[in-house]
Amino acid sequence: TIIFEDKEIAYKSETITFIPSNIPHHTKPVVEEMEKIQKWEFLFLDMNEIVNEFFSNRPEKIKEFLKNINRQAYVLEREDGAVAIEFLKMIFAEIHQKKEYYKYAVKTLALNLLLFFSRLDSNNGEQEKENRTNIGYVNILIKYMEEHYMEEIDAEKLIKNCNWSESYIRRLFLE
């Protein structure tokens with residue numbers, strides 16, 4: 001369970017929390033769950049470092065971005081946090097595998113994760129939400145292609161491995 005102010009929120013499988021350093025919080029175990037084996041992974045990001053690196057020539061963007069990203073904490077369940085979950089899986093895979101240039105991949109993925117959270121609750125409405133979701137799906141497709149680049153990849157394989165319809169995949173790429 002995580003506690004923000006006076007609210008207690010129970011974790012479930014694939015619950016994602018995004019907690020800026022300016023948000024007071026703490027966790028407490030659920031007594032009934034203490035006997036079960038649980039796995040947690042934490043990712044602490046230095047938002048200032050990441051943002052400064054990518055927006056180094058735009059100080060006004062840095063200030064705006066950090067203000068936006070630090071405004072609140074988020075607790076997302078699987079359905080609301082699908083894109084964030086994919087970014088986190090890719091980040092953890094890079095960290096664990098330590099392939100060549102993995103540090104650059106982690107920084108880039110971390111920036112994308114921060115962008116995802118900074119865009120939540122934006123004033124751009126449903127179109128912005130749909131665009132974020134589509135970007136996540138495109139990233140899943142790209143990851144699959146990167147993992148299978150030595151094989152012949154056609155639409156049928158993508159459909160089968162990503163569980164989407166051919167028309168949906170075509171629409172994603174047209175957008």
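The values are calculated or read from the model by the stated rules, or taken from the named source; none is laboratory data. Just so it is clear, the model here is predicted, and its values are computed rather than measured. In this analysis, Cβ positions are derived from the backbone assuming ideal geometry, glycine residues included, and neighbour counts consider all displayed protein chains. Just the protein is used for accessible areas: all its heavy atoms, side chains included, with ligands, DNA and RNA removed. Shrake-Rupley method; radii C 1.70, N 1.55, O 1.52, S 1.80 Å.
The modelled label-to-label distance between Glu41 and Ile95, using points 7 Å beyond Cα along the C-beta direction, is 0.8 nm. How many angstrom lie between the C-alpha centres of segment 20-88 and segment 1-15? Their Cα centres are 14 Å away from one another.
Of the chymotrypsin sites (Phe, Trp or Tyr not before Pro) in segment 26-55, the ones in a loop by DSSP (not H, G, I, E or B) with at most 12 other beta carbons within 10 Å are Trp40, Phe42, Phe44.
Sorting Arg58, Arg78 on solvent-accessible area from highest to lowest, probe radius 1.4 Å, gives Arg78, Arg58. Excluding same-chain neighbours fewer than eight residues apart, the lysines reachable from Lys143 by a Cα-Cα span under 16 Å are Lys89, Lys99, Lys157, Lys160. Peptide packing: for 7-20, 83-96, 63-76, the average count of neighbouring Cβ atoms within 10 Å per residue gives the ranking 83-96, 63-76, 7-20, highest mean first.
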